[in-house]
Amino acid sequence: MIDFNSLLSEFAYRSEAPMLFHHGIFLFLFANFLILYAIFYTNSKVQKWILILFSFYFYYKSSGNYLLLLLVTVCVDYFFSILISKTTKSKLATFFTALAIVFSLSFLMYFKYLDFFLRSLGLGEQGLQTASIVLPIGISFYTFQSISYLVDIHRKVIKVPSLLDYLLYISFFPHLVAGPIVRAKDFLPQLKKKIQVTREMVNEGFYLITKGFIKKAIIADFIAQYVDIIYASPTGASGVEAIFAVLGYALQIFCDFSGYTDMAIGIALLMGYRLCLNFDSPYKSLSITQFWRKWHISLSSWLRDFIYIPLGGNKKGFVLQLVFLLVTMIIGGFWHGADWKFVWWGIGHGLLLVFHKLLSRWVTISGSKIWDSLSWILTFSVVVILWIPFRAVSLSDSLILFMALFQVIDLETLFIFCQQNFLYVFLLGIGFSMTLLNNEIKERFKAWYYKESIIIKLVLLVVLIQVMYEIQSSEVQPFIYFQF
Amino acid sequence: MKRLIWIGVFFNLVFLIFLTKAIWQPQLSLELKSPELTFLQELEMGQAVEKKKVVLESSDTIPDSIAVDSLQKELINQTYDFPYTVNDSIKRILFVGDSQLENLRKPVRKRLMDNDYQLVASVVWYGSTTKQWANTDTLAYFISKYKPDFVLVALGLNEVHARDFEKRTKYAQTIKSNLEQRNLPYYYIGPAFWMKDKGITSVLQETFGELFYPSHLLTLERSNDGKHPSKDAAVVWFEKVAEQITTKGILNLGSVKDTIYRDNSETIFLKVPKND
C-alpha cells in the first residue's frame, strides 16, 4: 500500500537525495509542469513565471535554503548590470563590473575554497570546522554564468534584459545545477521570441533524454560500483583490475557528465529552448588541443573568453601565450574542486597543451591514417591516465594505481576477470562503442529513433527505466559534476 | 502547444507504469549481478573452499552445544581442515568487518590486551556490506582458522544509503545465525555514519538487540575522506564501546594501561593478503 508520509517527504528537501533527472519524482513533477506550461502558451509572461517557479523548486530540492543565496546573487548581479550599462564613464563601468564579479566570486570562495586555503596555510587541522559548510549545488556553474553576463554587459555585447528574463536565464533548471554554462548572449534572445516546440525539437529532445538516461542511469551508475571499490583501496590492485578501473572511471565521468548534459539539453528542447552543445565525442580527439575543444565545451570556451584572452591570449608573444595557457588550465582544474589533486590535474593538462603547441610549431604533421591512429592512442591514453589523480582520494593512491597499470597481465587472469564481471565488461564495451562510434552510424540510429512511433519510444523508455532499477546500487549516485 | 500537453501525458504514463509496479510489485524482473566483489576476492574464497575439503569424521570433535542437525552438519562439513573446537583457557577475539577496522583495530587490540584478551586476527574487507558477509563463507572460514571464542563485528558503513531493508534484515540475521550456530558470543559495533542513514541502523539494531552498539550517535572526527572516523577518533570510539561492553557484562574491558604491546595479531585485508 502507499505510504503517504514517505510520499509527501519525497517533495521536501533531503540533502542525501537531491532530485535528479532520472528520478521518478522528477518525471512526475516535470510531466505536470509541462502541461501547465503548455496551457499558458498564449501568455508568455505567465509561462515564464511558471518556469521560474518550477526552476526554484527544482533548486530547492537540490540545495534547500541555498535557494535564497541564488536569489540574492541574481538580484545583486542584476542591479550591478543596470549600473554598468547606465554608466557613461568607462573606468567607472569597469569598476562596477569588477565589484560585481568580486561579489559573485566571494560566495564561491567562501563555500568552496575557504577551508582549502586555510588548510593549505596550516591554519588548524580542520580549518574552520567547515564540515558544517555545505557547498550549494551548482554554485560554480551559476557563478560563472553571472560573470559572463556581467562582462558581456560591460562589453556591450548584450543589453540589460528585464528582471524576469534575467531571473529565468540564471535559474533555468536544466542547466542550473550542473551546466552547461550558458552564455547570456545565446540564451536571452530566445526569451524575446515566442516559444515554438516543433516536432523536430520534440524528437531531438526525446532522443537526447533517452541517450542521456542510458549513459547516466545505466552505464555510469553501474560502472561506478566497481570503480569505487578499486579507487577506495588501490593497494594490491592487480594489473587487470587497475586497467579496468582506470578505463571504467574515464567512461564513468564522460557518461555521467555528458549523459546529464544530454538530458538537460533534451529537457530544454521540450520547453522550446536550445542550449549549447557541451560534448562533441571528446574521446575521439587526435590531440589534447582537440580534446579541450570537445570536452565540457561551455567551460573551456568560458575559460578562453574570460581568462585566457583577457590575460593576453596569443597577442603577447609565443612564450607568454604558453604561460597564459598553463595559468588558464590551472584555474580550470581548480574550478573542479578545492583540492590540490585538481590543481595537479589542471597542470597536467596545461603542460600537455603547451607541449602540443610547441610540437605543432616545430613539427609538420601529415594527416595519414597511421599518424591519426597513433595520435588517437596517445591522446586517449594521457587523458585516461590524467583522470587517475582526478578521481583518486590522494596523490599517493594515484601513484599506486598508476604503477599497477604496468603490472604484467596474463590472458588467463584477464579471461577470469571478464567471466566474473561480464556485465561490467559488457557495459564498458557498450559505453566506449557509443562514445567512439562513427558519426554516420550515430546519425542512422538517430534517424531510426525519429521515425519510430511514440509507442515504441514509450516502450523503450519503460524498458530502460526497468533496467536501471535492476542494476542500480542502493546508494544514490549523484552526477559527478554536482560536486562542482 | 498540444504537443507539450501530449509530452506531459507521455511522461505521466511512464510514471504511472512504475508507480503501479511499485505498489503491486509484480514478479517480472531481471536478475542482474552487480560487481560488488572484486574477482580476486571471489577467487580467494574459492581457493579457500577448494583446498579445505576435509569432512569431520567423528562426532567427538563437534562440541555438544552445537545442535547436530543436517544444516549444521553441512556447515561444518563444508570445507575446513580446522575442526571447530573452543579453547577455553585464553580469550581469543576475532575482529571482522569493513574498512572501519583500518583505524579501529589498533585501539581494539590495545584495549583487549590491557584486559588480558588476545586479538587473534582482524579481517578488514574493504567495501563489504552485510550482503558479502552473509552470502560468502568468509566468516565461517576465518572462524575455523583462528578458533576464536568471541567475535567482534564492525560492519555497515557502506550501507548508509541502503533502502532494501528486507534483504538487509535477511543478511544481518544470516550473520547472526552463523555466529549463534557455532555457539560463539559476539558483539556488533554499529557503523559510525558521517551522515544520517536511510534506515540500516534500525535494521541492525533490531537484529542484534542488546549486542549492538549505536556508534551513529557519536560525533567523531573524520579522516580526509570525510567519512571514516580518524585514527584519534577511533580511540575515543572504542573507549565508548568498551564501556558499554563492560557495563553489560559481555567482556571485562575495564582496564586501561600505559603498556605498549608487540603486535602479534594477524590482519587480513580482503583484496589481497597484505603484510601488516
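The values are calculated or read from the model by the stated rules, or taken from the named source; none is laboratory data. Here the structure is a predicted model, which is why all the values come from computation and not from measurement. Using ideal geometry, Cβ is built from the backbone for each residue, glycine included, and neighbour counts are taken over all protein chains shown.
Residue by residue, here is whether (1) of a type outside the set (Asp, Glu); (2) at pLDDT 90 or above; (3) over 21 Å from the mean Cα position of the chain (by Cα) holds:
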position: A:Leu352; (1), (2), (3): yes, yes, yes
position: A:Ser366; (1), (2), (3): yes, no, yes
position: A:Phe380; (1), (2), (3): yes, yes, no
position: A:Val383; (1), (2), (3): yes, yes, no
position: A:Pro389; (1), (2), (3): yes, yes, no
position: A:Leu395; (1), (2), (3): yes, no, yes
position: A:Phe406; (1), (2), (3): yes, no, yes
position: A:Asp410; (1), (2), (3): no, no, yes
position: A:Thr413; (1), (2), (3): yes, no, yes
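Residues in the stretch B:220-253 that are outside any helix (DSSP H, G or I) and in contact (Cβ under 8 Å) with a residue 12 or more places away in the chain: 14 in all. Just the residues that are outside any loop (DSSP other than H, G, I, E, B) and not β-branched (Val, Ile, Thr), please, taken from the stretch B:113-130. B:Met113, B:Asp114, B:Gln118, B:Leu119, B:Ala121, B:Ser122, listed by residue number.
Selection over the stretch A:82-110 of residues that are in a helix (DSSP H, G or I) and within 22 Å of A:Asp165 (Cα to Cα) gives a count of 11. The conditions are (1) part of a helix (DSSP H, G or I); (2) over 22 Å from A:Thr97 (Cα atoms); (3) modelled with pLDDT of 90 or more, and A:Pro180 fails exactly one of them. Which is it? It is condition (1) that A:Pro180 fails.
Checking each residue in the stretch A:252-277 for being within 14 Å of chain B (Cβ to nearest Cβ) and under 20 Å from A:Val425 (Cα atoms) picks out only A:Gln252.
Listed here are the residues, each with its yes/no results for (1) over 25 Å from B:Thr219 (Cα atoms); (2) among the hydroxyl-bearing types (Ser, Thr, Tyr); (3) part of a helix (DSSP H, G or I).
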residue: B:Asn103; (1), (2), (3): no, no, yes
residue: B:Phe142; (1), (2), (3): yes, no, yes
residue: B:His161; (1), (2), (3): no, no, no
residue: B:Gln173; (1), (2), (3): yes, no, yes
residue: B:Arg182; (1), (2), (3): yes, no, no
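Against the criterion of being touching a Phe, Trp or Tyr at 6+ places or on another chain (Cβ under 7 Å), in a helix (DSSP H, G or I) and within 14 Å of chain B (Cβ to nearest Cβ), A:Phe417 qualifies. For the residues A:Lys185, A:Lys215, the requirement of being buried (at least 23 other Cβ atoms within 10 Å of the Cβ) and assigned to a helix (DSSP H, G or I) singles out A:Lys215.
Being surrounded by 22 or more Cβ atoms within 10 Å (Cβ to Cβ), over 28 Å from A:Tyr231 (Cα atoms) and within 14 Å of chain A (Cβ to nearest Cβ) holds for only one residue in B:Val120, B:Val151, B:Val124, B:Val203, and it is B:Val203. Being buried (at least 24 other Cβ atoms within 10 Å of the Cβ) and β-branched (Val, Ile, Thr) holds for only one residue in A:Thr289, A:Thr261, and it is A:Thr261.
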